[in-house]
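Here is the structure we will look at, set down as structure tokens.
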Amino acid sequence: TKGITVTKAEDLSEWYQQVILKAEMLEFTDVPGCYIYLPRSYMIWEEIRDFFDAKIKAMGVENSYFPLFITEANLQREKDHVEGFAAEVAWVTEGGRNKLEKKLAVRPTSETAMYSYYSKKIRSHRDLPLKLNQWNNVVRWEFKHAVPFLRSREFLWQEGHTAHMTEAEAGKEVLEILDHYAAIYEELLAVPVVKGKKTVNEQFPGAHYTTTIEGFIPAVGRGIQAATSHCLGQHFAKMFDITVEDPNQQVKDGEKRDKLHVWQNSWGFTTRSIGVMILVHGDDKGLVVPPRVSNVQAVLIPVGINNKTTPEDKEHINNEVDKLRKTLKGAGVRTELDDRDGYSAGYKFNEWEMKGVPLRLECGPKDLAKESVLAVRRDTGEKFTIAIADLATEVPKRLETIQKEMLQRASDIYASHRKIVREWKDFVPTLNEKNVLLVPHCAGGECEDEIKKDSAATVEGQEVDARAPSMGAKSLCIPAEQPEEIKEGTKCINPKCSQNAKEWVMFGRSY
Ligand SMILES: O=C1CCCN[C@@H]1CCCn1cnc2cc(F)c(F)cc2c1=O
Ligand SMILES: [Mg+2]
């Protein structure tokens, strides 16, 4: 069958797999956890890349490329927490017919590939700030069930790695990057995100602190980490000996200056974002792509042509519709004309709806007679006519409206599923209603672990999607926007915890 055989609400993972295949976003391969990014999804990555690359270039970041392979010795230099990731590292052990003397890691991230160069390059404060980025692929041999775009063994990302003289300068950049990440989701993908900081439990162990943007998948009420921007502090500078001579130190001639460790950031954004967009906007007819990132923004479909239509009339319609296509292209609208023979209009409607094209423009003899086309919005199904004379101005306007309203709707849904919970008795029941929670928390790591354990239990009588084993809620972030002042003496939400609450923390089940 051409259509999707399950509804999004009844079986999200089956729905998701069918949508990405039938909308020609991605294809499976015989390499487990590795996929083909087809033009409809790869073009989204290109739009993201163009948008973000301009932003970081304006910040003085330069693109570079480091090797795909990392020696074991080099990877081990980050040993204090690489062992936590050891299970994810993919190794090359043979070259051609020869066993390698020393196996090589396929980069899972490039800190260790880059920072020995940083150590060599950075000598004086005049070498700072150093800001390099890579657009590349990385491999993480995750054992958890692979999910296309969301969790694959190889994925595309950008990884920015900067070195600064001071913590303040580094901290400023961390937040600037996070703002650009949020803008990618909100301005391009029409996906709302919550900005915040990871708790100590959830942050990258090699970081001084981790800032994050958190998405939300309404269909299952789960949070999803959307991108991260870390301040690494001086941890890596100490590991890799990245220092500058103290420019402010008063020294006598010939006296050695003290060495100061630099302050570093690293920030990454991945193709997981495409999966988030699919999950947030898709519906039971298939993909719904925001116009900003849709390879086809408007599809023109000739209608009213049947076996009674004379060849002249058919010719006339196709000529007229091709003129409309040219008009729209001239107006900068990415337009497709589907004048294929042998497919009914209805068949074509379903196909382009599956592919998520934001606007369908139907045009037949009656429309031409009225000098108008019938427009249909993919996101709402709303139908309206557009005068052919207004096409070049009206269609771009409508596409902007679609873009804005897709974000607004998704933002309203996310906001309505972010529930403030003040008492433990409400924690699991509210969680089980497909919400993420804002709770007063003590910020203690063990307390978080306890909450994760105690919230895995299902509450009697609350139907929880049997397929999704009711995993516990983990902390997603400490939202930058706190809902209200924590009143003096407010207790931590966890009844087993005797500490006072320090801040509002967003908890939820997550990907
Ligand atoms: O998350 C980012 C943004 C882009 C640059 N890297 C940082 C931290 C990455 C944290 N991380 C994440 N995953 C890893 C997986 C591994 F197999 C491994 F050896 C190391 C890591 C690892 O360091
Ligand atoms: Mg990981």
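Every number here is computed from the coordinates shown, using simple stated rules; none is lab data. For clarity, every value in this text was computed on a predicted model and none was experimentally measured. Please note: Cβ atoms are built from the backbone with ideal geometry, for glycine as well, and neighbour counts cover all protein chains shown.
Here are a few things to note about the model shown:
- Ordering of 21-28, 290-297, 419-426 by burial proxy (mean other Cβ atoms within 10 Å per residue, highest first): 290-297, 21-28, 419-426
- Model label sites at A369 and A54, defined 7 Å from Cα along the beta-carbon direction, differ in position by 4.6 nm.
- For the listed peptides 65-74, 198-207, a ranking on the average number of other beta carbons within 10 Å per residue, highest first, reads 198-207, 65-74.
- Note on region 214-264 and region 6-77: Cα centroid distance 27 Å, given to the nearest whole angstrom.
- Rg followed by Dmax, in Å, when region 363-511 is reduced to its Cα trace: 23.7, 76
- Between the listed residues I184, W263, I122, the Cα displaced farthest toward the positive end of the dipole of the chain, a dipole computed from Cβ unit charges relative to the Cα centre, is found at I122.
- Nearest-ten-degree value, helix 445-454 long axis tilted from longest Cα axis of the chain: 40 degrees
- Of T309, S510, I44, farthest towards positive along the dipole that unit charges on Lys, Arg, Asp, Glu beta carbons give the chain: I44
- Added length on full extension, which subtracts the Cα-Cα distance from 0.36 nm per residue, Y117 to N500: 133.3 nm
- Applied to region 8-18, the Karplus parametrisation 6.51 cos²θ - 1.76 cosθ + 1.60 on θ = phi - 60° returns per-residue 3J(HN,Hα) values of 4, 6, 7, 8, 4, 6, 5, 4, 4, 4, 5 Hz, with x for Gly and Pro.
- Once the Cα-Cα distance is subtracted from the 0.36 nm per residue extended length, the S411 to T71 segment shows a gain of 117.9 nm.
- Estimated dipole of region 69-162 in Debye, rounded to 20 [Cβ of Lys and Arg +1, of Asp and Glu -1, Cα centre]: 260 debye
- Here the gap between K259 and E88, fully extended at 0.36 nm per residue and compared with their Cα-Cα distance, gives a gain of 58.0 nm.
- Dipole magnitude (debye, nearest 20) for the chain, charges at Cβ of Lys, Arg, Asp, Glu: 500 debye
- Dipole of region 184-255 [Lys/Arg +1, Asp/Glu -1 at C-beta], most positive-end residue of F216, T199, S229: F216
- Region 300-338-region 396-436 distance, computed between alpha-carbon centres (Å): 40 Å
- The C-alpha atoms of the chain define a longest principal axis, and helix 311-330 lies at about 30 degrees to it.
- For the chain, the longest principal axis of the Cα atoms and the long axis of helix 111-121 meet at an angle of about 60 degrees.
- Each residue of region 341-355 was assigned a 3J(HN,Hα) from its phi angle through the Karplus expression (A = 6.51, B = -1.76, C = 1.60, θ = phi - 60°), giving 7, x, 10, 6, 4, x, 4, 5, 4, 4, 5, 6, 5, 4, 7 Hz with x at Gly and Pro.
- Counting neighbouring Cβ atoms within 10 Å and putting the fewest first, the residues E481, E320 line up as E481, E320.
- Separation between Cα centres of region 487-511 and region 275-292, rounded to whole Å: 34 Å
- Here the relative contact order of the chain, from alpha carbon pairs under 8 Å that lie six or more residues apart, stands at 14 percent.
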